[in-house]
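The values are calculated or read from the model by the stated rules, or taken from the named source; none is laboratory data. A quick note: this is a predicted structure, and the numbers were derived from the prediction, not measured. In this analysis, Cβ positions are derived from the backbone assuming ideal geometry, glycine residues included, and neighbour counts consider all displayed protein chains. Side chains are part of the model used for accessible areas, which takes the heavy atoms of the whole protein and leaves out ligands, DNA and RNA. Shrake-Rupley method; radii C 1.70, N 1.55, O 1.52, S 1.80 Å.
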Amino acid sequence: GTAQETNSSNLTKPGITPDSFLYGIDIALEGIALALTFGTEARIEKRLKHAEERLSEIRQMALENKIEHMTKAKIKLEEISEKIKEDLDDIEDNDSEEELRKEIKIEQKIKILDDKIDEVEKEIKIKIKVEGELTDEQKDLIKQLINSFEGKFGELEIEIKNKKNETKIKIKSETGRDGDEVEKEIKDE
């Protein structure tokens with residue numbers, strides 16, 4: 001995407017951060033909102049919004065040297081990633097081209113979040129370099145935290161790609177049309 005899209009100031013501002021005593025309530029309310037969200041795609045989209053919230057909190061806590069609280073948000077982010085992974089299996093449609101359309105849309109949203117993760121990672125790593133008050137141990141810990149959730153979202157990209165490929169095979173066997181062609185048409189719409 002463009003530079004503006006991936007600008008980390010483009011992240012939603014964190015609301016209640018993990019260092020607040022209200023954080024547990026905030027997370028619980030998100031859970032309720034999810035429980036009331038019907039339809040796999042809608043649920044994935046809501047989870048991706050929550051993931052962006054967590055990313056924003058991670059960034060904020062890292063910039064404030066609150067590593068323990070950064071860890072809290074990172075664990076939540078990874079939990080969301082696992083749930084999205086489970087949800088990806090449930091994307092379906094009787095019309096396989098329609099199914100592919102849904103998968104492409106979700107893939108694009110995962111990609112946007114992935115770009116934001118990269119931006120936050122760069123920003124935090126620059127901070128680690130210039131920050132005098134962090135011990136080497138703290139710096140290493142922050143790097144580990146970043147690599148960990150970055151890896152989780154990398155897995156999601158692979159997962160949705162595999163899902164798309166399965167759907168393309170279905171399209172081929174049902175309609176005789178080339179899956180890549182169909183994908184290109186959908187993306188050009």
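Annotation note: Cβ proximity below 7 Å between a residue of the range 104-129 that is of a type outside the set (Val, Ile, Thr) and a residue that is open to solvent by less than 20 Å² (accessible area, probe 1.4 Å) and at pLDDT 95 or above (sequence gap 6+ or interchain) occurs for 107/160; 107/164; 109/48; 113/48; 113/51; 116/55.
Pick from 126, 110, 117: which is β-branched (Val, Ile, Thr) and over 12 Å from the mean Cα position of the chain (by Cα)? Checking each option against the conditions leaves just 126. Could you list all residues from the range 130-189 that are among the aliphatic types (A, V, I, L, M), touching a residue at least 24 places away in the same chain (Cβ under 8 Å) and out of contact with any Leu (no Cβ under 7 Å at 6 or more places or on another chain)? Of everything in the range 130-189, those that are among the aliphatic types (A, V, I, L, M), touching a residue at least 24 places away in the same chain (Cβ under 8 Å) and out of contact with any Leu (no Cβ under 7 Å at 6 or more places or on another chain) turn out to be 134, 141, 142, 145, 146, 156.
For the range 8-31, the criterion of being under 21 Å from residue 126 (Cβ atoms) and hydrophobic (A, V, I, L, M, F, W, C) is met by at least one residue. Taken over the range 26-69, the residue count meeting the criterion of being open to solvent by 20 Å² or more (accessible area, probe 1.4 Å), in a helix (DSSP H, G or I) and not basic (Lys, Arg) is 21. Taking each residue of the range 55-67 that is on the phi > 0 side of the Ramachandran plot and looking for partners that are polar (S, T, N, Q) with beta-carbon atoms closer than 8 Å, six or more apart or interchain, yields 65/138.
With respect to residue 93, determine if the residue is in contact with a helix residue (DSSP H, G or I) (Cβ under 9 Å, 6 or more places away or on another chain) and either among the hydrophobic types (A, V, I, L, M, F, W, C) or within 22 Å of residue 149 (Cα to Cα) (or both). No, not satisfied.
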